[in-house]
Every structure is written in structure tokens, then in C-alpha cells.
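Trainee: Take this structure first; my questions come after.
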Amino acid sequence: SAVISQKPSRDICQRGTSLTIQCQVDSQVTMMFWYRQQPGQSLTLIATANQGSEATYESGFVIDKFPISRPNLTFSTLTVSNMSPEDSSIYLCSVEIGYEQYFGPGTRLTVT
Amino acid sequence: QKEVEQDPGPLSVPEGAIVSLNCTYSNSAFQYFMWYRQYSRKGPELLMYTYSSGNKEDGRFTAQVDKSSKYISLFIRDSQPSDSATYLCAMSGYGGSQGNLIFGKGTKLSVKP
């Protein structure tokens, strides 16, 4: 497994602003993923971040809204841009080790 | 029809009971099946990982996959208050990052002392 940390753990932001979420892993991993967990909804994959290449976004998610950086094998950031109340959610990063995915503790975002 | 259906509960059982958690799915291409446990305000924790049909046991936990019925189950024996959490099923058509994990909405379990 892996130890994954996220910053911030929670935040309250105003409409129209942006928030960058950081994800740090204690070992080098090739694949990192960003998920969204909205109340009462399934965990949904936003994008896959492979070090050294552009992130791959799932249907319904775009780079302008959720830009991702992956500067090295232990770190990634997700930015939620131009936020609206609909972006209030828990954002989780995960890493793949072998064929298994492990999740960070999540960032709880509230947009007012 | 959603790809993965999971009864959200809540499910409340007395300590020591056998718990059965279930998911159904519609995509016959799914071959990899996982169960995650998520405590309140924490990230999901991988409990069980199985491939194709059959059973897998790990301590008090048993995962079953019936591909013919498109039905997966997680059994918890001798349930403990510490098992109180939300349980998420997840599945994929391919191993590892080649396959997007599709999650159920989760079942909230409460084990009463």
C-alpha cells in the first residue's frame, strides 16, 4: 500500500475563486487519479495523471475547469477553477500499486 | 439503468451478526471487483480485490462474485462496532489503470454493541 496525504483537508471558498488541492505519496508511483465524491453520489473519476504527460480527463470534466499538474512521481495537484456551489464535494486522489488503487483522506470543499 | 447498483442502507445490525452487502451491475465486461470501506471523513480503504467469479476470504471478510448473475457480495462475520462504516463496491473491465473503476454509491453500516 501507500501513505497518501492531501492538503488542505477542508476549505470554504467563495464563488468564482479557485482552489488548488495537493496530493503527496510516500513512494514513487506512475499512475495517480483524481476523484470527486458528491453527497449521495458514487465516487467519480475526474482524470488520470501520468507523470510526464498530459492528464486524461473523463467525460464531463475539462482541463479548463480542473487543471492538473504532475511534476514528479510522488506529487500531484488538482485545481478547481471558477468555483460554483455545485463544486462543493469531497475531492480524493488515489494511486495505483500493482492492480490496486489506494485513496488519500480527501479534501472537503464547500463553495458559498 | 445505472452500471452499478448498491443499496445505500442504512443497515443496522447487532454486534456479532453476519452482515451481507451486495451490488449488482449491468456491464458483462466487468472482471475485476473490489470492496472499499470508508469511515466518516476518511478516504476509502481497499478491503478485498477479486478477479472473475468465485470466493475470496480474508479473516472475517468474504467476497463473492457471481458473474452469471452480475452480482457481488461482501460478507462480514462476527461483526464489530469498529466495522461501522460505508462500504463501497467498485469494478472494472480491465486490471489496473487500464480500467476506469466504477463505484456503487455505498452502503452505510452500523454495528450496535
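Trainee: Applying the selection to region B:58-101, what residues are in a loop (DSSP other than H, G, I, E, B), under 21 Å from A:Glu100 (Cβ atoms) and either touching a Lys or Arg at 6+ places or on another chain (Cβ under 7 Å) or modelled with pLDDT of 95 or more (or both)?
Mentor: Matches in region B:58-101: B:Gly59, B:Arg60.
So that you can scan it fast, the table gives a plain yes or no per residue for (1) within 22 Å of B:Met48 (Cα to Cα); (2) at pLDDT 95 or above; (3) surrounded by fewer than 16 Cβ atoms within 10 Å (Cβ to Cβ):
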position	(1), (2), (3)
A:Ser59	no, no, yes
A:Ile63	no, yes, yes
A:Ile68	no, yes, no
A:Leu78	no, yes, no
A:Ser88	no, yes, no
A:Arg108	no, yes, no
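Trainee: Within 13 Å of chain B (Cβ to nearest Cβ), under 16 Å from A:Cys23 (Cα atoms) and touching a residue at least 40 places away in the same chain (Cβ under 8 Å) - does that describe any residue in region A:75-90?
Mentor: Residues of region A:75-90 within 13 Å of chain B (Cβ to nearest Cβ): A:90.
Filter once more, so that each one left must be under 16 Å from A:Cys23 (Cα atoms): A:90.
If we keep only those that are touching a residue at least 40 places away in the same chain (Cβ under 8 Å) too, we end up with A:90.
Scanning region A:75-90, I find at least one residue that is within 13 Å of chain B (Cβ to nearest Cβ), under 16 Å from A:Cys23 (Cα atoms) and touching a residue at least 40 places away in the same chain (Cβ under 8 Å), so the answer is yes.
Trainee: Take residues that are more than 23 Å from A:Thr112 (Cβ to Cβ) and aliphatic (A, V, I, L, M) and tell me which of the strands (runs of 3 or more DSSP E) falling wholly in region A:1-93 contain 3 or more.
Mentor: A:44-50
Trainee: Would you say A:Arg36 is facing another protein chain (nearest Cβ under 10 Å) and under 26 Å from B:Gly104 (Cα atoms)? Show your work before the answer.
Mentor: Details: facing another protein chain (nearest Cβ under 10 Å): no; under 26 Å from B:Gly104 (Cα atoms): yes.
Here the answer is no, as A:Arg36 does not meet what is asked.
Trainee: Filter region B:67-99 down to the residues that are closer than 13 Å to B:Gln31 by Cβ and either hydrophobic (A, V, I, L, M, F, W, C) or out of contact with any Gly (no Cβ under 8 Å at 6 or more places or on another chain) (or both) and list them by number. Give the derivation first.
Mentor: Going through region B:67-99, the residues closer than 13 Å to B:Gln31 by Cβ turn out to be B:67, B:70, B:72, B:90-96, B:98-99.
Within region B:67-99, B:Lys67, B:Lys70, B:Ile72, B:Ala90, B:Met91, B:Tyr94, B:Gly95, B:Gln98 qualify.
Trainee: Is at least one residue of region B:49-62 under 22 Å from A:Gly104 (Cβ atoms), within 14 Å of chain A (Cβ to nearest Cβ) and buried (at least 18 other Cβ atoms within 10 Å of the Cβ)? Give the derivation first.
Mentor: We begin by selecting, within region B:49-62, every residue under 22 Å from A:Gly104 (Cβ atoms); these are B:49.
From what's left, within 14 Å of chain A (Cβ to nearest Cβ): B:49.
So of that shortlist, the ones also buried (at least 18 other Cβ atoms within 10 Å of the Cβ) come out as B:49.
Yes, that holds for at least one residue.
Trainee: Moving on to the next point. Can you name every residue in region B:1-57 that is at positive phi and in contact with a Lys or Arg (Cβ under 6 Å, 6 or more places away or on another chain)?
Mentor: B:Gly9
Trainee: I need every pair where a residue in region B:101-113 that is on the phi > 0 side of the Ramachandran plot and within 12 Å of chain A (Cβ to nearest Cβ) has its Cβ under 7 Å from the Cβ of a residue that is surrounded by fewer than 21 Cβ atoms within 10 Å (Cβ to Cβ) and not in a strand (DSSP E or B), sequence separation at least 6 or different chains.
Mentor: From region B:101-113, the pairs are B:Gly106/B:Pro8.
Trainee: Could you check region B:1-44 and list, in sequence order, the residues that are polar (S, T, N, Q), more than 12 Å from chain A (Cβ to nearest Cβ) and in a strand (DSSP E or B)?
Mentor: Answer for region B:1-44, where residues must be polar (S, T, N, Q), more than 12 Å from chain A (Cβ to nearest Cβ) and in a strand (DSSP E or B): B:Ser12, B:Ser20, B:Asn22, B:Thr24.
Trainee: Pick out the one residue from A:Gly98, A:Gly60 that is at the interface with another protein chain (Cβ under 10 Å from one of its Cβ atoms) and of a type outside the set (A, V, I, L, M). Walk me through it before giving the result.
Mentor: Values: A:Gly60 fails: at the interface with another protein chain (Cβ under 10 Å from one of its Cβ atoms).
Within the list A:Gly98, A:Gly60, the selection yields A:Gly98.
The values are calculated or read from the model by the stated rules, or taken from the named source; none is laboratory data. Computed from a predicted structure; not experimentally measured. Don't worry about glycine lacking a Cβ; one is built from the backbone with ideal geometry, like all the others, and counts go over all protein chains shown.
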